[in-house]
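Readers should treat all values here as calculations from the given coordinates under stated rules, not as data from a laboratory. Computed from a predicted model, the values in this text were never measured in an experiment. Positions of Cβ are generated from backbone atoms using ideal geometry, with glycine treated the same way; all protein chains shown enter the neighbour counts.
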Amino acid sequence: MEIVRSMIEDKPVVIFSKSSCCMSHTVKALICNFGANPTVIEVDKLPNEQQQQVETALIQLGCSPSVPAVFIGQQFIGGVAQVISLNVQNKLNQMLLKARAIFV
């Protein structure tokens, strides 16, 4: 868990992704469409040991599969279903504003 905590520290939006994952691409595009500039961590591009540690920590947080995993304001939001649900409920924009990921 500490490895994930250190990666999200002081960042308004962090997306753990895999470069070949279409759901990760969807989440990144959705958040970027709000004008946010998320920190994207491509888990499959990390060194093997670090990759295993990150994936294990994300699964322990409840991500299944491990990516995409979205953190807004250092708070774990969830995967694609949770992010899209927040968007449909018009709550994603508010969360991004509160985390100072976007300014309106």
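Within the stretch 1-20, the set of residues being part of a loop (DSSP other than H, G, I, E, B) and either farther than 19 Å from Ile72 by Cβ or polar (S, T, N, Q) (or both) comprises Lys18, Ser19, Ser20.
A residue that is loosely packed, with under 13 Cβ neighbours inside 10 Å and of a type in the set (Gly, Ala, Ser) cannot be found anywhere in the stretch 51-58. Of the residues in the stretch 54-76, at least one is touching a helix residue (DSSP H, G or I) at 6+ places or on another chain (Cβ under 9 Å) and of a type in the set (D, E, K, R). Is there a residue in the stretch 33-48 that is part of a helix (DSSP H, G or I), surrounded by 16 or more Cβ atoms within 10 Å (Cβ to Cβ) and in contact (Cβ under 8 Å) with a residue 12 or more places away in the chain? Yes: one or more hits. For Ala29, the conditions (1) surrounded by 13 or more Cβ atoms within 10 Å (Cβ to Cβ); (2) in a helix (DSSP H, G or I) are fulfilled apart from (1). Among residues of the stretch 3-20 that are free of Cβ contacts under 8 Å to residues at least 24 places away in the same chain and acidic (Asp, Glu), none has a Cβ under 8 angstrom from a residue that is crowded, with 17+ Cβ neighbours inside 10 Å and not in a strand (DSSP E or B) at a sequence gap of 6+ or on a separate chain. I'd like to check something: does the stretch 81-102 contain any residue that is within 18 Å of Ser19 (Cα to Cα) and either surrounded by fewer than 17 Cβ atoms within 10 Å (Cβ to Cβ) or of a type outside the set (Asp, Glu) (or both)? Taking every residue of the stretch 81-102 in turn, none turns out to be within 18 Å of Ser19 (Cα to Cα) and either surrounded by fewer than 17 Cβ atoms within 10 Å (Cβ to Cβ) or of a type outside the set (Asp, Glu) (or both).
Filter the stretch 59-80 for residues that are of a type outside the set (Ser, Thr, Tyr) and assigned to a loop (DSSP other than H, G, I, E, B); which is surrounded by the most Cβ atoms within 10 Å (Cβ to Cβ)? Result: Pro68.
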